[in-house]
Amino acid sequence: MRMHRKCHLDERLAACGKILTVADLTDKNMLRAAGVKQYLNFAEIFGNSNPVCLEIGCGKGKFVAETAKLNPNINFVACEKISNVIIDACERVVEEGLKNVYFLNCAAEVLEKYLKPRSVKSIYLNFSNPLPKEGYKRQRLTHPRFLNIYREILQTGGTIVQKTDSKDFYLFSLESYKQAGFEIKETCEDLKSNPVAGDVETEHEKLFKSQGKPIYRIVAEVK
């Protein structure tokens, strides 16, 4: 079902301009667009030199907002390609007065346009679309073509923390990390029974747990 465009969306996005960069979509060629750099200045945005973590696919912002509250000495960049969705996250952060969260309204393919090499400590992939059909596997956010992007922006020793309810996607991701030269540091096939301290439950996670679905978790590290 197609999502209806939210009322006054452009005006609402503009009102969040201090905490939001909306991608320049003039060039539809993602590779070429990513090559034209418009790096975010973290020192200017956050007013400090604290470590930066990135969430890709932040949805309505529950995870990043609550994680930012728990970690005031870490800065968070939250990426979401759907404007209709990211506006809810932006307005939540503004309403709650959080100063350590910034948003990128862009696709993961162009992250290198905005994020400098070796500038990110950790990446969170929370319940990314598993895209189960074989023909869509290159679009999965843990396909090696995306992992190569993440490698460029992650610091040495940086991590990817992934959660999913899909066993097939979990297994696919494990293999992808190995193929891309990441080291698997942690795995869990039942997060509900093995909770991790400080790990914030997402909207999807709460729903899936209520349905009795297992939650899979991976921590992979850049070698």
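The values are calculated or read from the model by the stated rules, or taken from the named source; none is laboratory data. None of the values given here were measured: they were computed from a predicted structure. Note: ideal-geometry Cβ built from the backbone for every residue, glycine included; neighbour counts use all protein chains shown. Accessible surface areas use protein heavy atoms only, side chains included; no ligands, DNA or RNA. Shrake-Rupley method; radii C 1.70, N 1.55, O 1.52, S 1.80 Å.
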Worksheet item: What's the carbon and sulfur percent of the chain's accessible surface, probe 1.4 angstrom, rounded to a whole number?
Response: 51 percent
Worksheet item: Of all the Cα-Cα pairs you can form in the stretch 161-223, what percent are over 12 Å apart?
Response: 67 percent
Worksheet item: Taking the Cα atoms of the stretch 1-107, what is the range of coordinates along each of the three principal axes, in descending order and whole Å?
Response: 36, 32, 22
Practice prompt. Report the relative contact order of the chain, percent, no decimals, based on alpha-carbon pairs under 8 angstrom and at least 6 residues apart.
Written response: 20 percent
Item to complete: Name every cysteine in the chain that ends up alone, with no second cysteine's Cβ under 4.7 Å, or say none.
Response: Cys7, Cys53, Cys58, Cys79, Cys106, Cys188
Worksheet item: Ignoring ligands, DNA and RNA, what accessible area per residue does the chain give at 1.4 Å, in Å²?
Response: 53 Å²
Response to the item:
Rounded to the nearest 500, the 222 nm mean residue ellipticity computed for the chain from DSSP H runs (n ≥ 4, each -39500 (n - 2.57)) alone is -9500 deg cm²/dmol
Practice prompt. Jot down the radius of gyration and Dmax of the chain, Cα atoms only, both in angstrom.
Written response: 16.8, 47
Worksheet, complete the sentence: So the compactness index of the stretch 102-187, its C-alpha Rg divided by 2.2 N^0.38 Å, takes the value 1.05
Worksheet, complete the sentence: Long-range share for the stretch 11-64, i.e. C-alpha pairs more than 12 Å apart as a percent of all pairs, stands at 78 percent
Worksheet entry | DSSP-loop trypsin sites (Lys or Arg not before Pro) across the stretch 20-65, with at most 12 other Cβ within 10 angstrom | Lys28, Lys37
